[in-house]
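See structure below.
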Amino acid sequence: MNTDQRSTATGGTYVKGVDVERGAVAGASQVLGYFLLAIVGTFLFTVTFDVGPQLEASATVMGVLYPVVFGGAGGVLAAKLG
């Protein structure tokens with residue numbers, strides 16, 4: 001592991017002193033951890049009356065879309081400001 005990257009709890013990397021492209025990829029790498037948490041959270045928050053989040057929607061939005069968009073943006077900012 002490079003000295004400019006550190007692992008995070010969700011499987012992504014913290015970026016410092018790298019180019020913007022690597023920062024975006026490192027930020028978006030949070031997808032795996034968020035995806036697993038979105039799936040587990042969907043099952044945990046479903047009420048016994050069949051009311052709760054839909055699996056496909058929550059996995060897509062919370063597990064993929066948000067981490068790619070906001071993780072990538074955060075990686076770019078970290079690379080530019082770092």
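The values are calculated or read from the model by the stated rules, or taken from the named source; none is laboratory data. These numbers were taken from a predicted model, which means no experiment stands behind them. For neighbour counting, all protein chains shown are included, and Cβ atoms are generated from backbone atoms with ideal geometry for every residue, glycine included.
List the helices (runs of 4 or more DSSP H) inside region 30-82, counting only whole elements, that have at least 1 residues being in contact with an Asp or Glu (Cβ under 9 Å, 6 or more places away or on another chain).
Those helices (runs of 4 or more DSSP H) span 72-81.
What tally of residues in region 34-60 results from selecting those that are surrounded by 13 or more Cβ atoms within 10 Å (Cβ to Cβ) and over 19 Å from V76 (Cβ atoms)?
14
Go through region 1-29 residue by residue and tally those that are of a type in the set (V, I, T), crowded, with 16+ Cβ neighbours inside 10 Å, modelled with pLDDT of 55 or more and assigned to a loop (DSSP other than H, G, I, E, B).
1
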